[in-house]
Structures are given as structure tokens and as C-alpha cells.
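Working notes for the structure below.
The values are calculated or read from the model by the stated rules, or taken from the named source; none is laboratory data. Here the structure is a predicted model, which is why all the values come from computation and not from measurement. Here the Cβ positions follow ideal geometry from the backbone for every residue, glycine too, while neighbour counts run over all protein chains shown. Just the protein is used for accessible areas: all its heavy atoms, side chains included, with ligands, DNA and RNA removed. Shrake-Rupley method; radii C 1.70, N 1.55, O 1.52, S 1.80 Å.
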Amino acid sequence: MTAVAHASPGELGRLVTVRTGPVVRSRPSCRRAATYRRRRVAALLVVASGLAALILVVHGLLASFGGGPLSASERPGAPAAVYVVQPGDTFWGIASRMRAGEDPRPLVAQLVSAHGSPVLVAGERLVLPAPA
């Protein structure tokens with residue numbers, strides 16, 4: 001569609017033809033889309049952080065009730081000694097020092113089963129059985 005204006009002959013040089021048509025809406029700008037994307041990522045990070053904190057709190061509460069990987073069942077009334085593993089220690093060496101002059105194999109088997117793993121790591125606490 002074309003708009004027509006009425007003007008005097010002197011003003012005809014200054015007239016401009018203007019076309020009108022349907023209004024075209026522009027798409028959302030890239031800046032707005034990037035803002036929404038950043039907000040979604042931030043919300044995801046907040047939710048993930050909250051979930052990680054909740055898992056750590058629940059793990060701490062469960063550990064405070066016992067049942068950790070290094071806990072050992074004990075006989076009631078029998079005091080148990082705790083040995084902190086030093087670098088270079090082995091089950092065989094610990095059993096040999098505990099019961100010098102005896103065959104260490106039964107004690108090694110008992111220590112490994114109470115520990116739950118045949119691998120010792122320096123700094124671990126090893127629950128030693130009461131002397132026989």
C-alpha cells in the first residue's frame with residue numbers, strides 16, 4: 001500500500017514515498033537468549049551444590065552411628081587395641097610382632113578379614129584382636 005500526500009507544486013521535490021505493510025516482530029535478541037542460558041546454568045549449579053551438601057551431611061550422620069568401613073565387631077567386654085599403620089607395615093609383620101614365636105598365619109588371616117582388604121595404607125587404624 002502506498003500513502004499519497006497532497007502538496008503544492010513547490011513542495012513536490014521534498015515528498016517521499018512510504019510503503020506500509022504488515023508489522024514484523026523481531027526475534028528475541030541473542031543477548032536475551034544468552035541471559036536465560038546463564039540463568040539456567042546458575043540454577044543447575046545451585047541445585048547440584050545443594051544435592052552434594054545434602055549427601056555429605058547424610059554421610060556424616062551415618063558415619064557418626066558407626067558402621068564405617070574400618071569398624072570391627074568386638075566381643076562384649078574384650079578390650080581391643082588400635083594400631084595406626086606405618087609406612088612399610090604388612091599384616092605379616094604386625095602379626096609377627098604381636099605374637100612372637102608363634103605361627104603368624106592364623107593371626108594374619110584374622111587381621112585381613114577384620115580389615116576387609118588385604119591392602120594396608122599408612123595412617124589407617126587397624127583394630128587388633130584381644131590377646132589370647
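Values for this structure:
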item: Tally, over the range 85-131, of residues that are acidic (D, E) and open to solvent by 70 Å² or more (accessible area, probe 1.4 Å); result: 2
item: Which numbered condition L44 misses (of (1) closer than 30 Å to P118 by Cα; (2) of a type outside the set (D, E); (3) at pLDDT 85 or above; (4) surrounded by 10 or more Cβ atoms within 10 Å (Cβ to Cβ)); result: (1)
item: Unique match (being within 30 Å of V127 (Cα to Cα), among the small types (G, A, S) and either at pLDDT below 85 or under 33 Å from the mean Cα position of the chain (by Cα) (or both)) among G21, G50, G66, G13; result: G66
item: Selection within the range 24-41 - at pLDDT below 70 and open to solvent by less than 100 Å² (accessible area, probe 1.4 Å); result: P28, S29
